[in-house]
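Take a look at the structure set out below.
The values are calculated or read from the model by the stated rules, or taken from the named source; none is laboratory data. If you're wondering where the values come from, they're calculated on a predicted model, not measured in any experiment. All Cβ positions, glycine included, derive from the backbone under ideal geometry; neighbour counts span all protein chains shown. Remember, those area values only see protein heavy atoms, side chains included, never the ligands or the DNA or RNA. Shrake-Rupley method; radii C 1.70, N 1.55, O 1.52, S 1.80 Å.
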Amino acid sequence: MNTTPENTTVPLRAAVAALPAYVPGARVAPGSGAWKLSSNENPYPPLESVREVIARAAGEVNRYPDMYATELVAAIAEKVGLTPANVVVGTGSVSMLGHVLQSVVEPGDEVVYAWRSFEAYPIYAAIAGATSVTVPVTADGRHDLPAMAAAVTSRTKVVLVCTPNNPTGPAVRTGELATFLSAVPRETLVVVDEAYLEFVRDPDVPDAVALLREHANVVVLRTFSKAYGLAGLRVGYALAPTALATGIRSASTPFGVSGIAQQAALASLAPAAQAELMERVDALVAERTRVADALRDQGWDLPETQANFVWFGLGDATIDRAKEATDAGILVRPFAGDGIRVTIGEPEANDAFLKLAAGWR
């Protein structure tokens, strides 16, 4: 009779045993017909040109990929105006966050970030041996950068700035981030997490690459998962000063980014593909505006979103409302006690959600 081994004589690290679980967006059951608005994915499949590259690359999975993603790194560097030495590629921007923290954090250091923000932050901070210091977002879902600057101490090694903020939506503004950077010690690393950069339409947002050039303590995280529609292939990257990039590269998983993922991301950076992809992003931004306007017409007071989702601060009603959404065939992402994040999806999915939200008023 087969048995399942459950207990062990080897204890987990205390920090790992205490980790909060990362909760992914709910998945659509096969044949259910439900709309998935729970994971901030691009609802559209990869471009035909990218799918063709993926199919060709699949014939080479018996070989290890280029460990340093040389071609992709060079293409990213050219796109952002840096050198390849400033670019490190990994399995999504969340993975790059982990490698950044592993590169600079010592046990007992502090990591400061807004809350609520990306739920992987406390997990990766704890794995790195750091103490999390959280600063509440404002009533309209924004980073309170003056309060975050005040929270920095001699023990603070890293500050995380998620812009636009996941899950609330607002982006930080140019002046406030410049003021914040001038207040943070040069020995404290500021990580600007721009996973949703391509959806931003606010003209008063920082040029993170320019900040990286001006400040030796800035790292920028970006991804191909959202706007580029490659979430399932896991490709993200960090932009960093050369010496720091070298350390991040050393901490990264060898051969972490598959050859298929590298080729798909590279194909997505081709000029023709870029133009087509940005047309899709523009369409999603237009849908975001339509959905947000309709929700405000219903009477909802929502944070300004610069990402591909909207946020409902429902507090104690969060779980009940999420269940109602699931029962209606609409999967959303609840954060117990705080609110619900709803991804902008296909127009039909958005219409279904708008109908549901009208009944919540």
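Sorted on the mean count of surrounding Cβ atoms within 10 Å across their residues, most packed first, peptides 59-72, 104-117 read 104-117, 59-72.
The heavy atoms of I127 present about 70 square angstrom of accessible area, all protein chains included, probe 1.4 Å. In summary, the convex hull built on the alpha carbon positions of the range 277-321 has an orientation-averaged projected area of 3.7 nm². Structure remark: mean-square fluctuation, Gaussian network model of the chain, C-alpha springs under 10 Å; the largest value among P122, P167, P45 belongs to P45. Inverting the pair-averaged 1/r between distinct Cα atoms of the range 237-296 gives 14.8 Å as its Kirkwood hydrodynamic radius.
Using only the Cα atoms of the range 77-186, build the gyration tensor, take square roots of its eigenvalues as a ≥ b ≥ c, and label the shape rounded, prolate or oblate: rounded if a/c is under 1.5, else prolate if a/b is larger than b/c, else oblate.
On the way: a/c = 1.41, a/b = 1.14, b/c = 1.24.
Since a/c stays below 1.5, the shape of the range 77-186 is classed as rounded.
Overall, the chain carries a charge dipole of about 580 debye about its Cα centre when +1 sits on the Cβ of Lys and Arg and -1 on the Cβ of Asp and Glu, all other atoms neutral.
Averaging Cα coordinates gives a centre for the range 177-252 and one for the range 328-361; these two points are 30 Å apart.
Using a probe radius of 1.4 Å on heavy atoms only, what accessible surface per residue do you get for the chain? Whole Å² is fine. Don't skip to the end; give the middle numbers.
On the way: 16460 Å² over 361 residues.
That works out to 46 Å² for each residue.
Extension gain for the segment T70 to R27, taken as residue separation times 0.36 nm less the Cα-Cα distance, is 12.1 nm to one decimal. Taking the centroid of alpha carbons for each part, the range 1-27 and the range 53-130 are 24 Å apart. Once the Cα-Cα distance is subtracted from the 0.36 nm per residue extended length, the D316 to T179 segment shows a gain of 45.8 nm. Placing pseudo-labels 7 Å out from each Cα toward the beta carbon at D202 and T138 gives an inter-label distance of 0.9 nm. Could you grab the relative contact order for the chain? Cα pairs under 8 Å, six or more apart, rounded to a whole percent. Relative contact order here is 23 percent.
Contact order, relative form, for the range 50-138: 21 percent (alpha carbon pairs under 8 Å, 6 or more residues apart, mean separation divided by residue count). Once all protein chains are placed together, R296 keeps about 100 Å² accessible to a 1.4 angstrom probe. First check a/c for the range 139-289, with a ≥ b ≥ c the square roots of the eigenvalues of its C-alpha gyration tensor; if it is under 1.5, answer rounded, and if not, answer prolate when a/b is larger than b/c or oblate otherwise. Taking the square roots of the gyration eigenvalues as a ≥ b ≥ c, the range 139-289 is oblate. Computed across the range 273-359, the Kirkwood hydrodynamic radius from all distinct Cα-Cα pairs reaches 13.5 Å.
The distance between label points at F255 and T3 comes to 3.7 nm (points 7 Å beyond Cα on the Cα→Cβ vector). Taking a ≥ b ≥ c as the square roots of the eigenvalues of the Cα gyration tensor of the range 108-151, is the shape rounded (a/c under 1.5), prolate (a/b larger than b/c) or oblate? The shape class here is oblate. Contact order for the range 275-361, expressed relative to its length and based on alpha carbon pairs under 8 Å spaced 6+ residues apart, stands at 30 percent.
Extension gain for the segment E346 to S39, taken as residue separation times 0.36 nm less the Cα-Cα distance, is 109.2 nm to one decimal.
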